Each structure stands twice: as C-alpha cells, then as structure tokens.
Amino acid sequence: GYPDLQNKINQNLNLNISYNSPNPQSVYSINGNINGGYNKSLHPVADSIINDISGKRTYYYVNADKSNSMNFNYNLNISRKLNKSSIQLMYNGQVSNGKLPSYVDGIYNISETGNFYNRLAFSFTLRSLLVLNIDQTFQRFNSKQTATGLKSFSNNNKTTHFGVVLNYPNNFTWSSTLDRIDNSTLAKKTFLWNSFLTYRFMKQQGELKFSAMDLLKQYQNISNSAGPYGTTTRITNGLQQYFLLTFSYYPRKFGKTEVKRQQRPDEN
C-alpha cells in the first residue's frame, strides 16, 4: 500500500547438532542437542509512530536500515541405571537477542532485547517406590533503547523446585511440590506449595484424587515478555488456595469381545 517501500531481504543461517548414546544396554545413557539460528534483514519494514498531543497515535510503515536476531538452544541429559533404580542429570538453556529499528515521533530508535534462560535438574528414582527431583532455573530479560529519553529495563527470575512422589502403600500415591520464586520485580520471595493424594481401585480402573493447591497462599501470576519496544512484566491475581476432590474412570477395553466357539470332535 506504500509505493515508496522497498522489498525486505532476509539472510538466514541455521545450525542443528544432536547426539544419542549408541548402546541402549549400557548403564549410562547420554543424549544432547544444540540448535540455533541467525537472521539478518536488509531494508526491514518498520513501524513509525506519531503521538499527537491530543492523545491520538498514528502508525505507518517505513523502511529501516537493517535488523538482526539470534537464538541458541541447548540441552544435555545423562542418566545411569542402578539395578531397578536410576539417577538422571538434565541441563537445558536458551540464549536469544535481537535489534529491531523503529521511529517514534520522528526519532530513529533501535530496540535491543535479550533473553537468557538456564535450567539444571536432578532426579532420583528408587524402583517404583520413590521419585525425588530438584531443579534450579535462572532467567533474565533485558531491553535497551538507543534513542534519547527512552529507558532501559531488565528483570531477573530464579526458581528452585523440589518434588517428591511416593507410591506406598499399594494403590496409593502421594506427591508434593514446592517452588521458591525470587523475582527482581517483587519485594519478597514467593513460595508455592502443592500436595496430592491418589487412590486406585476397581482393578486400577478407578481413581480418587485429592489436591491441595497453594497451601501457603502466596501464588501470583507473573509473566515476562520482550518485544520491539521493551520488556514487560505483568503481575496479576491468580487462582487462590483451593482443595479439589476428583473421581476418574479409565476403561481398559473398548468394543465387543469376540467369543470363540469350541470345535467338536466330528468337525476335524
């Protein structure tokens, strides 16, 4: 719709590497993956925003010089068998950043955004009786504006997770999770504690489950997002503490059962 706009030219480079341990009979199992991409755009179509003193805002499109973005993902899993038990170590992460140009009230601005995420987890399984897991995540958002008068922004979030599952006595399963959340936009740390109790009956086809959510009454919805004009953190009220009792039925067979007719001796 704008005759003066030029076509955008994209240049992309992508990488993907994966590894899986070749011997499935080994006590150790190792697998990992690395993938990433780089994108560069020449003459990208960008927004131009004009803010009127009356409060009216006008958008139209223009060509900027160039823009680029980069993303890099990686994960590694190592597990070891201990007879009928096992231990597992997991590590995964993501790094991304980008530069996106725009015009605000005639001023040329480049928004530089970045995201850094890492998670390290450990899990221990004792046969089919007990499962323990712990993981630590760290995430950082940041945004920097090159135009004068536009502010930079950053946010850090660290979460420590503990989990336990106990299958004892027979047909009973008890599990509980505890999350310790440390967000730089909050004045104090948040603890989220949930617990569950499950009973299986009717030859494992029926399940009765009791859930106790947010036992410490500290849950909040926290979302972070990075866009062309900055990084945003939203904190809203979530579902408050509640208790839930549910019944589930899992049928094992569907359809009609075929009955075979016994063969008489004279039919041989």
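In summary, strands (runs of 3 or more DSSP E) completely within region 171-219 and bearing 1 or more residues that are under 27 Å from Gln136 (Cβ atoms), in contact with a Gly (Cβ under 8 Å, 6 or more places away or on another chain) and among the β-branched types (Val, Ile, Thr) occur at 172-183. If we scan region 91-102, do we find a residue that is closer than 23 Å to Ser21 by Cβ and small (Gly, Ala, Ser)? Looking through region 91-102, at least one residue is closer than 23 Å to Ser21 by Cβ and small (Gly, Ala, Ser). Scanning region 137-153 for residues that are open to solvent by 60 Å² or more (accessible area, probe 1.4 Å) and in a strand (DSSP E or B) gives Phe138, Arg140, Lys144, Phe153.
Name the one entry in Gly149, Gly163 that is at pLDDT 95 or above and either over 30 Å from Tyr250 (Cβ atoms) or under 21 Å from the mean Cα position of the chain (by Cα) (or both).
After applying the criteria, what remains is Gly163.
The residues listed here are Lys81, Lys99; of these, the one that is assigned to a strand (DSSP E or B) and out of contact with any strand residue (DSSP E or B) (no Cβ under 7 Å at 6 or more places or on another chain) is Lys81.
Ser26: surrounded by 12 or more Cβ atoms within 10 Å (Cβ to Cβ), farther than 24 Å from Ile110 by Cβ and free of Cβ contacts under 8 Å to residues at least 24 places away in the same chain, yes or no?
no
The values are calculated or read from the model by the stated rules, or taken from the named source; none is laboratory data. Everything numeric in this text was worked out from a predicted model, so none of it was measured. Heads up, the Cβs are rebuilt from the backbone with ideal geometry, glycines too, and the neighbour counts pull from every protein chain shown. Accessible surface is based on the protein model in full, side chains and every heavy atom, while ligands, DNA and RNA are left aside. Shrake-Rupley method; radii C 1.70, N 1.55, O 1.52, S 1.80 Å.
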